[in-house]
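Presented below is the structure to which this report refers.
The values are calculated or read from the model by the stated rules, or taken from the named source; none is laboratory data. What you are looking at is a predicted structure, and each value in this text was computed from that prediction instead of being measured. Glycine gets a Cβ as well: all are built from the backbone with ideal geometry, and neighbour counts include every protein chain shown. Calculation scope for accessible area: heavy atoms of the full protein, side chains included, ligands and nucleic acids excluded. Shrake-Rupley method; radii C 1.70, N 1.55, O 1.52, S 1.80 Å.
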Amino acid sequence: PKIDCIYCGQCTVHCPVSAIREQSHLVGVEAALRAPDKIVIAQMAPSVRASIGEEFGLEPGLNLEKKMFTAFVKLGFDKVFDVNMGADITTFVEAQELIERIKNNGVLPMFTSCCPGWVKVLEFYYPEMIPHLTTARSPQIHAGVAYKTWWAEKEKIDPKKIVVVSFMPCTSKKYEAGHEKLKIDGWLPVDYVLTTRETAILLKKHNLDLPELEDGQLDDAGIY
């Protein structure tokens, strides 16, 4: 049978000799942080804050959300937002679509499209199920669009100067971020995606001992 990669990244986690690695976005992120004309936004997924502590010898599941907010500032990010804000948008959009489907005898049940690996499974292995997928975008994409449209307009910032970096648990989010069909006005909503492991590498490279950092807070537009 044909086998198609869904870009989930499990091979990079379980390869015993680290021969398989994610396609790193670290070089691009660091270049953006050094660029004086760029407004670089950090947005972190919920699972990252609960798993990154393992890279610093802490127990699994410890929520280091507020320490990560401080770390982003110390790394040079201009704004610290959150993927949960995008999740709120996704929830709202999905709810609207579900109501429309129920009212108009649309295809049910309606499946989430938040996970690009899951979407890829349906597209390749079960294409007949595609009509069940919601047309809503994922939280990281909805948030990126909001930053480069609504937020950029509110702050009077040229969207071309905005660089959005997502901190994600899954390598398939890199694939999603680069997806041509998700472009808005010709540009991608999310520019770079770092996995939890890449994030730890970035922190350690800049001598940031995460457990020792003070608590920080989100910028206003990232509140969820």
Quick one: grab the alpha carbon gyration tensor of region 83-125, order the square roots of its eigenvalues as a ≥ b ≥ c, and give me rounded if a/c is under 1.5, else prolate or oblate depending on whether a/b is larger than b/c.
oblate
Find how many whole Å separate the alpha carbon centroid of region 1-73 from the alpha carbon centroid of region 154-201.
12 Å
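Over region 36-131, consider all pairs of different Cα atoms and compute the Kirkwood hydrodynamic radius from their mean reciprocal separation; express it in Å, one decimal. Intermediate results must be reported in sequence, preceding the final value.
Details: mean 1/r = 0.0605 Å⁻¹.
Kirkwood hydrodynamic radius for region 36-131: 16.5 Å.
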Testing the spin-label approximation: label points 7 Å from Cα along Cα→Cβ at Ile99 and Lys183. State their distance in nm.
3.4 nm
What percent does the relative contact order of region 108-224 come to when contacts are Cα pairs within less than 8 Å and at least six residues apart?
22 percent
Calculate what fraction, in whole %, of the accessible area of region 163-215 sits on carbon and sulfur atoms when a 1.4 Å probe is rolled over the protein chains.
51 percent
Calculate the spin-label point distance for Tyr224 paired with Lys38, positioning each point 7 Å from the Cα along the beta-carbon direction, and give it in nanometres.
2.4 nm
Residue by residue through region 11-21, what is 3J(HN,Hα) from phi via Karplus (6.51 cos²θ - 1.76 cosθ + 1.60, θ = phi - 60°)? Round to whole Hz and write x for glycine and proline.
4, 6, 6, 9, 4, x, 10, 6, 6, 9, 10
Of the candidates Leu202, Leu108, Leu122, which one comes out as most mobile in a Gaussian network treatment of the chain with C-alpha springs shorter than 10 Å?
Leu108
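When ligands, DNA and RNA are left out and all protein chains stay put, how many square angstrom of accessible area per residue does region 147-206 have with a 1.4 Å probe?
Working: 2800 Å² over 60 residues.
Using a 1.4 Å probe on heavy atoms only, each residue of region 147-206 averages 47 Å².
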Work out Dmax and Rg for region 127-224 from the C-alpha atoms and quote the Rg first, both in angstrom.
16.0, 51
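At 1.4 Å probe size, put Thr199, Thr112 in order of accessible surface, largest to smallest. Walk me through the numbers before you get to the answer.
Numbers: Thr199 0, Thr112 65 Å².
In descending accessible area the options line up as Thr112, Thr199.
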Quick one: 3J(HN,Hα) in Hz for region 84-97, Karplus 6.51/-1.76/1.60 with θ = phi - 60°, rounded, Gly and Pro as x.
4, 4, x, 5, 4, 5, 4, 4, 5, 5, 5, 4, 4, 5
Given a 1.4 Å probe, the accessible area of region 64-129 per residue, as a whole number of Å², is 52 Å²
For the chain, what is the Kirkwood estimate of the hydrodynamic radius, computed as the reciprocal of the mean inverse distance between distinct Cα atoms, to one decimal in Å?
18.5 Å
Note down the nm distance, to one decimal, between modelled labels 7 Å out along Cα→Cβ at Gln10 and at Lys74.
3.5 nm
With an 8 Å cut-off on Cα pairs and a minimum separation of 6 or more residues, tell me the relative contact order of the chain in percent.
32 percent
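Quantify, in whole percent, the carbon and sulfur part of the accessible surface of region 23-72 (1.4 Å probe; protein heavy atoms only). Each step should come with its number before you reach the end.
Details: 1240 of 2290 Å².
That share works out to 54 percent.
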Where in region 171-194 does the label zone of Val27 land, with the point 7 angstrom along Cα→C-beta and an amide N cut-off under 19 Å?
174-175, 178, 191-194
Expected field for Met44, accessible surface area in Å² at 1.4 Å probe radius, rounded to 10, holds 0 Å²
For region 1-86, I need the span (max minus min coordinate) of the C-alpha atoms along each principal axis, in Å, sorted largest to smallest.
48, 33, 28
Taking R0 as 35 Å and r as the Cβ-Cβ distance between Lys154 and Val17, the FRET efficiency 1/(1 + (r/R0)^6), rounded to the nearest 0.05, comes to 0.10
Counting only heavy atoms of protein chains, what accessible area per residue, in Å², does region 1-54 have with a probe of 1.4 Å?
59 Å²
